[in-house]
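Written out below as structure tokens is the structure these notes cover.
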Amino acid sequence: MKETPVSDHELVTRAQQGSEKAYHELLGRFQRPVFSIIYRMIRDREQAEDLAQETFVRVFNHIDRYDPRYKFSSWIFKIATNLTIDHIRRKELNTVSIDGSRNATTAEQIEATSITIASPDENPEELLEAKELGEEIEAAISKLRPEYRAAILLRHVDGREYQEIAEILSLPLGTVKTYIHRGRNELREQLEHLRAA
């Protein structure tokens, strides 16, 4: 007979009571998705790993402050996105690279941090066009205000509902909708020249 998985809420309760096993289980469940959202915001694997680690340190140090009225995933993503937005503001990151992180020093790191947007059956000309389009889109996203960038990524890459984005970003629902609307408009304006081509 298959064992029913323990809910996030139950794991948090156990962690709040000092269970190391519950901490490890929560880490296992959320490590990859937390790293993923951070990495998509900054496109730097090493920095994303550091920020993900810092997220979990904060989560576990303040787990007693978690409000069970909200989804645990929303709370942890809120901490992760706030840390990342603060990092972006401090570093003033202006660009991301389709060719991998600026900090990648080995071929393996470059490949691990690059984005593949082409299918294998495209010819070299199509590959180049796809690469150039990807660079244009990335550059446009990187120029968005950090708040717009976070909202756009949470909505269009993670597929999260508006209400959950509002919880994650600690914003009213109307503000989230405004950020996504303005972010889309800015992206449309920045990429307008591609339509004319």
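The values are calculated or read from the model by the stated rules, or taken from the named source; none is laboratory data. In this text the structure is predicted, and so the values were computed from the model without any measurement. Every residue, glycine among them, receives a Cβ derived from its backbone with ideal geometry; neighbour counts consider all protein chains shown. Areas reflect the complete protein model, heavy atoms only, side chains present, ligands, DNA and RNA absent. Shrake-Rupley method; radii C 1.70, N 1.55, O 1.52, S 1.80 Å.
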Self-check item: Restricting the stretch 151-165 to residues that are within 15 Å of the chain's Cα centre (by Cα) and modelled with pLDDT of 90 or more, the residue that is farthest from residue 187 (Cα to Cα)
Solution: 164
Quiz item: Being modelled with pLDDT of 90 or more and open to solvent by less than 60 Å² (accessible area, probe 1.4 Å), is that true of even one residue in the stretch 41-48?
Solution: yes
Quiz prompt | Evaluation of residue 171 against (1) part of a helix (DSSP H, G or I); (2) within 23 Å of residue 86 (Cβ to Cβ) (one fails), failing number | solution = (1)
Quiz item: Of the numbered conditions (1) assigned to a loop (DSSP other than H, G, I, E, B); (2) modelled with pLDDT under 85; (3) within 23 Å of residue 187 (Cβ to Cβ), residue 128 satisfies every one except a single condition; which is it?
Solution: (1)
Practice problem: Those residues that are open to solvent by 90 Å² or more (accessible area, probe 1.4 Å) and touching a residue at least 24 places away in the same chain (Cβ under 8 Å), I need them from the stretch 1-28; list them, please. | Solution: 9
Quiz item: Being outside any helix (DSSP H, G or I) and open to solvent by less than 40 Å² (accessible area, probe 1.4 Å), is that true of even one residue in the stretch 183-193?
Solution: yes
